[in-house]
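Trainee: Mind having a look at this structure? Questions to follow.
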Amino acid sequence: MLLENLSNAFGPSGSEDEVRRLLARALRDKVDDLQTDALGNLIAFKKGTGPEPRMKVMVDAHTDEVGLMITRIDKDGLLGFRAIGGVDARLLMARGVIVGEKRLPGVITAPPIHLTKPEQRQQIAKIDQLAIDIGASSADEAKGLVKMGDYAAFDTRFEVLNEEGLRTVKGKAFDDRMGCAVAAALADGKYAVDLYLSFSAQEETGLRGARVAAYRIEPDLAFALEGTICDDMPKDKDVSPTTELGKGPAISIMDRSFVADQRLVRLLVNQAEANGIPYQFKQPGTGGTDAGAIHLSKAGVPSVAVSVPSRYIHSPVSVASLNDFDNTVALMKAALLALPGAWN
Amino acid sequence: MKELIKKLTEPYGPSGREEQIRAIIRAEVESFADEIRVDTMGNLIALKKGTGQGKKMMLAAHMDEIGLIISHVDENGFLRAQGIGGVDPMTMSGGRVQFADGTVGVLAPEKRPEFRKEPDLAKLYIDVGATSREEAAARLGQAVGFLRPFTDMGQRVVAKAMDDRIGCVVLVETMRRLKISPHDLYFVFTVQEEVGLRGAQTGAFGVEPDIGIAVDVTIAADTPEAPKMAMKLGQGPCVKVKDGRMLAHPGLKDLLINTAEANEIPYQLEVLAWGSTDAAAMQLSRGGVPAGCVSIPCRYIHSPSEMVDIGDVENAVKLLLALLANPIEI
């Protein structure tokens, strides 16, 4: 399954080649043009069947995941590192990681519980107190295997947790390999509009790839696809989760990075209701997506974000529902097929 | 002028939901504009063509106000919200808000003693009089603005959303009274300033001006225990020197000062410790734009009762009219 391969692929921000290669292979025969730009955005173009001038629709998903970068090699062969993107430092101790171009397995250090005082266990180790152990016993040995600036990603294999019901799956980087897989699935369709699937780089470090891609593409409309926050665990009080597993694709109305174009929100809601596709609204106010960069491109681009709810994003392992994934693909296909007629 | 201020400050228009106020402003300016359009983000752009040989100027004031967006409807029909722009929970307890459809809500805190000690948006809720989740369910994702009446205190006037409907008033009045100008004047009533100068960014890209001037409010630091800044109510409109995100183009700043002095218009210099305006976004558009700002001193900014001096507003209009009547070299 492409989603599985994408989730397993190595791709912290700035080092997305493996993800790009997978996508290029999957899309080569389904699109009219494939290009990679200066920032590493992979842009797949599908010419529309409608009469000219055709509407240009950009569908964006980012290829990068949060990860780590090696910043120093200690004399004992341990590797110091920093975060790339919003990595939660609480979730690092004792994690398995994959390091560098050789894809070496490593472990992030943690002192054994026997040796820690109770007060120490209360504190969260800061990133500069942690190191990656690749099993080297000296700096020289380590230098033969890795170098400064090498990337590390979480070592998590994709797995199906449940074949029935919600069809839950676990894996790393659902933010945003979920979005990439949805976008790739759209390449099968036939649309009246010109479709630009932008598999954007470096979102986690500041929406950087999308900014550049949108400038070049000059779309009339844009959809950003994400794997987004799903914090639907039991709570004491009656508060809304950001999204809920199993309730369908989550449409963004507003987040920290943008106000969604109301017409696009309406288009998605109408298509969901007309086609019996479950949907939810992402709770307004939290997070940011590539839509934040795209909508401000040049003289402005009407934009909206659609997300697959994913528990525990930005951690080593996420959980999502394939039902939500399928419904997100269905909703996006319906929306694209309704264009340009349904716009305005 | 006071009727216009009332007309423009009372309507609904939080960032991203500016349709209603835009329609009202459009009706005010349509007859003075040679061309009028709404761009992709929702900015209202009204062009007054010049006699020729002048500059292409963008004059910006933002239509949006701060507000709240409903993020949760609880089982009893009470609403929870997140902020739109720089809202201050301290100004909210016991206040009223309005929805786009005119529905009114009351802002109330949980546990008052705790809220008194530490005002927190997460501990506020909005009561629209619903008695169940079903009754209020459709409110999820809707935005609200403060609900307050405009008040005429004589020399001073008070309203919510003086930031920046008073800037819009200044632009409308300038358009109304402007007789002749060498410059092509793009009066741009922008959207989404409060959430990041977003309308001005894309608006400036589309207009491609030679010069950009924003009209916005600035802090009047003449109240008890105010931070030490120079701006005061009633001493004239401010020529912005610097704020949190912009150094005004020195030539443009000097031109505004010289114009004020030559026309005996009172003015103040503004050095603002924090905050920013649409001018900062215009300045960084494309290859860069000489940008400046004329600011209306305002007390209690980002509260539901913002206060300005009518004389300052009048003089801001006079300053712009004097500036725009003549050729500009900076």
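Computed from the coordinates by the stated procedures, all read-outs in this text should not be read as laboratory data. No experiment lies behind these values; they were computed from the predicted model shown. All Cβ positions, even for glycine, are placed from backbone atoms using ideal geometry, and neighbour counts span all protein chains on display.
Trainee: Run the reach check for A:Lys235 against aspartates and glutamates, Cα to Cα strictly under 16 Å, same-chain hits fewer than 8 apart removed. What comes back?
Mentor: Qualifying aspartates and glutamates at Cα under 16 Å: A:Glu244, B:Asp74, B:Glu75.
Trainee: Restricting to Cα pairs below 8 Å that are 6+ residues apart, what does the relative contact order work out to for the stretch B:130-271? Please round to a whole percent.
Mentor: 16 percent
Trainee: Given R₀ = 60 Å, FRET efficiency for B:Val106-A:Lys147 by Cβ-Cβ distance, to 0.05?
Mentor: 0.45
Trainee: Just to check, using Stokes-Einstein with a Kirkwood Rh over alpha carbon pairs, what's the diffusion coefficient of the protein assembly as shown at 25 °C and 0.890 mPa s in µm²/s?
Mentor: Diffusion coefficient, whole number: 91 µm²/s.
Trainee: Relative to the longest principal axis of chain A, what angle (0 to 90°, nearest 10) does the C-alpha long axis of helix A:17-27 take?
Mentor: That works out to roughly 30 degrees.
Trainee: Averaged across the residues of A:250-259, what count of C-beta atoms belonging to other chains lies within 10 Å of each residue's C-beta?
Mentor: 5
Trainee: Sticking with this one: Relative contact order, percent, of chain B when contacts are C-alpha pairs under 8 Å separated by at least 6 residues?
Mentor: 23 percent
Trainee: I've got another one for you. Mind checking the stretch A:159-196 for GluC sites (Glu not before Pro) that DSSP puts in a loop (not H, G, I, E or B) and that have at most 13 other Cβ atoms within 10 Å?
Mentor: A:Glu163, A:Glu164
Trainee: So what's the projected area for the stretch A:67-154, the Cα convex hull averaged over all directions, in nm²?
Mentor: 5.5 nm²
Trainee: Separate question: For the protein assembly as shown, what proportion of DSSP beta bridges, expressed in % and rounded to the nearest 5, is antiparallel?
Mentor: Expressed as a percentage, antiparallel bridges in the protein assembly as shown total about 60.
Trainee: Please enumerate, by chain and number, the lysines with C-alpha under 26 Å from the C-alpha of A:Lys46, excluding those fewer than 8 residues away in the same chain.
Mentor: Correct list for A:Lys46: A:Lys30, A:Lys56, A:Lys190, A:Lys298, A:Lys333.
Trainee: Just how large is the dipole of chain B about the Cα centre, in debye to the nearest 20, putting +1 at every Lys and Arg Cβ and -1 at every Asp and Glu Cβ?
Mentor: That gives a dipole near 180 debye.
Trainee: May I pose another question? In the stretch B:225-330, what trypsin sites (Lys or Arg not before Pro) fall in a loop by DSSP, with at most 11 other Cβ atoms inside 10 Å?
Mentor: When the trypsin sites (Lys or Arg not before Pro) of the stretch B:225-330 are filtered for loop state and at most 11 Cβ neighbours within 10 Å, B:Lys228, B:Arg286 remain.
Trainee: Nearest 5 is fine: what % of DSSP beta bridges in chain B come out antiparallel, could you say?
Mentor: 60 percent
Trainee: Beyond 32 Å, how much of the Cα-Cα pair distribution for chain B remains, as a whole percent?
Mentor: Counting pairs separated by more than 32 Å, the tail of P(r) holds 27 percent.
Trainee: Right, another one. With axes computed from alpha carbons, what is the tilt in degrees of helix A:208-217 against the longest principal axis of chain A, rounded to the nearest 10 within 0 to 90?
Mentor: Approximately 30 degrees, to the nearest 10.
Trainee: Out of residues 5 or more away from A:Thr228 or on other chains, whose amide H comes under 5 Å of its own, with H placed 1.01 Å from N in the peptide plane?
Mentor: A:Val308, A:Ser310
Trainee: If you don't mind, there's one more thing I want to ask. Find the relative contact order for the stretch A:67-154 and round it to a whole percent, using C-alpha pairs within less than 8 Å whose residues are 6+ positions apart.
Mentor: 47 percent
Trainee: Binning at 20 angstrom from zero up to the longest distance, how are the C-alpha pair distances of chain A distributed in percent?
Mentor: Calculated over all Cα pairs of chain A, the distribution is 31, 54, 14, 1 percent.
Trainee: Here's a follow-up. Can you return the aspartates and glutamates within cross-link range of A:Lys75? Criterion is Cα-Cα under 16 Å, with same-chain partners fewer than 8 residues away left out.
Mentor: A:Asp128, A:Asp133, A:Asp140, A:Glu141
Trainee: Which loop-located GluC sites (Glu not before Pro) does the stretch B:182-280 contain, where loop means any DSSP state but H, G, I, E or B and the Cβ has at most 14 other Cβ atoms within 10 Å?
Mentor: B:Glu225, B:Glu264
Trainee: With label points built 7 Å along Cα→Cβ from the Cα atoms of B:Met153 and B:Glu329, find their separation and express it in nm.
Mentor: Using points 7 Å along Cα→Cβ, the separation is 4.5 nm.
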